[in-house]
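Accompanying notes for the structure given below.
The numbers here are math on the coordinates, done by the rules we state, and not lab data. Because the structure is predicted, anything quoted here is derived from the model rather than measured. All Cβ positions, even for glycine, are placed from backbone atoms using ideal geometry, and neighbour counts span all protein chains on display.
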Amino acid sequence: MSVDWNERYTTGDTPWEKGEHHPGLPFLLAAHLGVVEKATRVLVPGCGFGYDADLIGELTSSEIFGLDIAEEAIRKARERSLRDKTTWGVGDLFDWKGKYDLVFEHTCFCAIPIDRRQDYVSVMASLIPLGGHLLGIFFLNPDHEGEEGPPFGITMEKLRDLFGSEFELVWSEPPAKTFSSREGEGRELCMLWQKKATDFVAHN
Ligand SMILES: C[S@@+](CC[C@H](N)C(=O)[O-])C[C@H]1O[C@@H](n2cnc3c(N)ncnc32)[C@H](O)[C@@H]1O
């Protein structure tokens, strides 16, 4: 059954919403400051109320785009955020166009139905130019793999296989800090992926 994300926000059925950015995000951004500072355009898909997007914007002079399919989430992000350099947009990431040196992912991938995971990887590959990066705090919740979601669980191995077709894994580690509700080994993984040149067959 597909999720009506806007209704989840309008009825307040948003257990993922913590009223703050991910606690591990400052450490993650500090560890990869070179990548973050170099990016001129950053996309945060499934940004919700936009706390993560705001923190990235505070640490860089990059243009930040917060995107969400739920109108209510974006309405709240616009109302709440004090940053006038962030652009907030309502839209489906699967239809999104443009180029972003950096995409920041946090609990968007786990919200995507399992049969659209490959589409998620393909759309990221189309949005990120060669050499650009996808930085994410992936919610794995592997004990719930294959169970009804969202969130839809996934193992680290499956993540590597999926994204590895289009991206090179540069670095991965569990977050330095997390929400108390997500504590527990192997439930989240930070990953930095770099878009690689796709193989092609030369025809004479
Ligand atoms: C679990 S929530 C996480 C929100 C936010 N990242 C956070 O951590 O608070 C998943 C978010 O993805 C958004 N979303 C789901 N499918 C989407 C799609 N196809 N395009 C854009 N946003 C989507 C939902 O509206 C929701 O805000």
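Observations, loosely collected:
- The Stokes-Einstein estimate for the stretch 24-122, based on a Kirkwood radius over Cα pairs and taken at 37 °C with 0.692 mPa s viscosity, is a diffusion coefficient of 239 µm²/s.
- Built amide H within the under 5 Å cut-off of Phe138, gap 5+: Leu189, Cys190, Met191
- If you take the Cα centroid of the stretch 1-64 and the Cα centroid of the stretch 114-160, the two points sit 16 Å apart.
- Whole-Å semi-axes of the stretch 92-195's equivalent ellipsoid (Cα gyration tensor): 22, 16, 12
- Debye, to nearest 20: dipole size of the stretch 106-157, +1 on Lys, Arg Cβ, -1 on Asp, Glu Cβ: 300
- Hull volume in cubic angstrom per residue (convex hull over the Cα atoms of the chain): 128
- Within the chain, percent of DSSP bridges classed antiparallel, to nearest 5: 40
- If you count Lys pairs in the stretch 92-195 whose Cα atoms are under 24 Å apart, skipping same-chain pairs closer than 8 places in sequence, the total is 4.
- Annotation: amide H-H contacts under 5 Å for Gly132 (H modelled 1.01 Å from N, sequence separation of 5 or more, or interchain): Lys195.
- In the stretch 64-169, GluC sites (Glu not before Pro) in a DSSP loop with at most 11 other beta-carbon atoms within 10 Å: Glu147, Glu148
- The H on the amide N of Leu43, modeled in the peptide plane, is under 5 Å from the matching H of Phe65, Leu102, Val103, Phe104, each at least 5 residues off or on a different chain.
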